[in-house]
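Undergrad: Take a look at the following structure, please.
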Amino acid sequence: MFRYDLYYGFRDCRLKWLGALLVQIYFANAAYRACSMAGGPVGALGYLTWLFQGKPEYFAAETGRFELPVPWLLLHACLLFLVGFYPANDLTRSGGQAFVRMRRRRDWLLGKAVWVVGTAAAYYVCLTIILVLYAFLAEGLAGQAYLEEWQMQGAEWNVFWGKYITGSPEALKSLFGIPIAEMGGMAIFLSWWAEPFLVSVTLCLAEMVLSLVLEPALALFLALGYLTASVFWAEPALLGNYAMLMRQDFWSGIEAVSFSGCVAGCGVFGAAVLMIGMKLIRKKDIFQTEECA
């Protein structure tokens with residue numbers, strides 16, 4: 001089932017993948033422009049910080065101005081759009097043969113869940129690679145100077161890592177106000193990559209289950225609505241808070257918005273979604289779905 005989904009899922013989403021890569025390149029360029037004033041290399045970590053920093057909690061006031069974290073929202077929306085239509089489309093492909101031939105209907109759903117996780121992982125890997133390449137190429141002559149320095153020092157990995165991956169801690173602190181030099185590598189990985197990934201996977205799974213009972217476009221709209229609600233309220237129940245760096249405990253001081261809280265929230269939410277999906281898929285009428293399509 002996984003091989004089936006790997007082939008048909010990519011074929012069904014190949015044009016969407018092209019659009020997703022173009023969106024990632026666009027925001028990588030925007031991140032480079034926004035971080036160019038740092039006075040030093042910020043690397044892929046700095047670009048990712050700008051993209052995923054989000055906004056502080058919004059408080060309604062006469063003098064307050066509400067702003068959406070556009071890069072954060074669109075990058076997550078792009079992934080939701082990428083995975084939102086294939087599971088429902090597969091029910092009607094070739095008369096739903098893949099669905100009918102499964103001995104247990106839940107295996108069909110679990111295969112789609114594995115595809116969702118794999119697609120989300122590929123999306124984040126592509127974003128990271130683009131940011132690293134942009135950190136190297138968009139510097140122009142500076143990038144060439146860094147390359148020569150790297151080669152002169154015997155191609156030491158720490159030079160490449162410091163210039164293009166993590167950047168200068170001083171530059172990052174001056175740009176974002178975060179003492180990244182005091183944070184360990186594992187803490188950075190968990191906050192910058194793991195938490196947004198877990199949130200994305202959970203939302204994509206919820207969207208997948210919703211698309212089996214609603215129109216995929218409506219499921220996408222509901223998932224985006226839930227994600228946008230996180231901008232208004234810094235509540236741990238709204239998983240989008242864990243994907244915004246400004247809402248996490250090391251930045252905002254909100255202890256509940258931590259990695260452990262993210263794992264617990266995403267685990268409970270994701271497990272509940274899959275259990276509901278398994279119950280729904282047992283009652284799914286493929287012939288009625290085909291007629292409606």
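Undergrad: Please find, among LEU6, LEU18, the residue that is exposed (fewer than 13 other Cβ atoms within 10 Å of the Cβ) and of a type in the set (A, V, I, L, M).
TA: Within the list LEU6, LEU18, the selection yields LEU18.
Undergrad: Given the conditions (1) outside any loop (DSSP other than H, G, I, E, B); (2) β-branched (Val, Ile, Thr); (3) over 18 Å from the mean Cα position of the chain (by Cα); (4) modelled with pLDDT under 95, report the number of the one that ILE254 does not fulfil.
TA: Condition (1) is where ILE254 drops out.
Undergrad: Test of understanding: among ALA219, ALA243, ALA223, ALA206, which residue is under 24 Å from ARG65 (Cβ atoms), open to solvent by less than 50 Å² (accessible area, probe 1.4 Å) and touching a helix residue (DSSP H, G or I) at 6+ places or on another chain (Cβ under 7 Å)?
TA: The conditions single out ALA243.
Undergrad: For the stretch 257-276, name all the residues that are touching a residue at least 40 places away in the same chain (Cβ under 8 Å) and more than 19 Å from the chain's Cα centre (by Cα).
TA: Scanning the stretch 257-276 gives LEU274, ILE276.
Undergrad: On to the next question. State which residue is surrounded by the most Cβ atoms within 10 Å (Cβ to Cβ) when the search covers only the stretch 179-203 and only residues that are over 28 Å from GLY277 (Cβ atoms) and aliphatic (A, V, I, L, M). Can you show your working first?
TA: Quick first cut of the stretch 179-203, residues over 28 Å from GLY277 (Cβ atoms) only: 179-189, 191-192.
Applying the additional criterion that residues be aliphatic (A, V, I, L, M) yields 180-181, 183, 186-188.
Numbers: ILE180: 21, ALA181: 11, MET183: 15, MET186: 10, ALA187: 13, ILE188: 18.
For the stretch 179-203, the residue satisfying everything is ILE180.
Undergrad: Next question. When the stretch 22-49 is examined, which residues are found to be touching a residue at least 12 places away in the same chain (Cβ under 8 Å), open to solvent by 60 Å² or more (accessible area, probe 1.4 Å) and among the hydrophobic types (A, V, I, L, M, F, W, C)?
TA: Those that are touching a residue at least 12 places away in the same chain (Cβ under 8 Å), open to solvent by 60 Å² or more (accessible area, probe 1.4 Å) and among the hydrophobic types (A, V, I, L, M, F, W, C): ILE25, MET37.
Undergrad: Just wondering, is there one or more residues in the stretch 91-102 that are assigned to a loop (DSSP other than H, G, I, E, B), modelled with pLDDT under 80, surrounded by 13 or more Cβ atoms within 10 Å (Cβ to Cβ) and not basic (Lys, Arg)?
TA: Scanning the stretch 91-102, I find at least one residue that is assigned to a loop (DSSP other than H, G, I, E, B), modelled with pLDDT under 80, surrounded by 13 or more Cβ atoms within 10 Å (Cβ to Cβ) and not basic (Lys, Arg), so the answer is yes.
Undergrad: Something else about it: Scan the stretch 34-60 residue by residue and report those that are in a loop (DSSP other than H, G, I, E, B) and farther than 17 Å from LEU75 by Cα.
TA: GLY39, GLY40, PRO41, VAL42, PRO56, GLU57, TYR58, PHE59, ALA60
Undergrad: Scan the stretch 229-238 residue by residue and report those that are out of contact with any Ser or Thr (no Cβ under 6 Å at 6 or more places or on another chain) and surrounded by 16 or more Cβ atoms within 10 Å (Cβ to Cβ).
TA: Residues satisfying the conditions are SER230, VAL231, ALA234, GLU235, PRO236.
Undergrad: I'd like to verify a number: residues in the stretch 218-239 that are touching a residue at least 24 places away in the same chain (Cβ under 8 Å), in a helix (DSSP H, G or I) and over 12 Å from GLU57 (Cβ atoms), how many?
TA: Residues in the stretch 218-239 being touching a residue at least 24 places away in the same chain (Cβ under 8 Å), in a helix (DSSP H, G or I) and over 12 Å from GLU57 (Cβ atoms): 7 in total.
The values are calculated or read from the model by the stated rules, or taken from the named source; none is laboratory data. Remember, predicted model here, so these are calculated numbers, not experimental data. When we count neighbours, we look across all protein chains shown, and the Cβ atoms used for this are built from the backbone with ideal geometry, even at glycine. Surface areas here come from the heavy atoms of the whole protein model, side chains and all, with no ligands, DNA or RNA. Shrake-Rupley method; radii C 1.70, N 1.55, O 1.52, S 1.80 Å.
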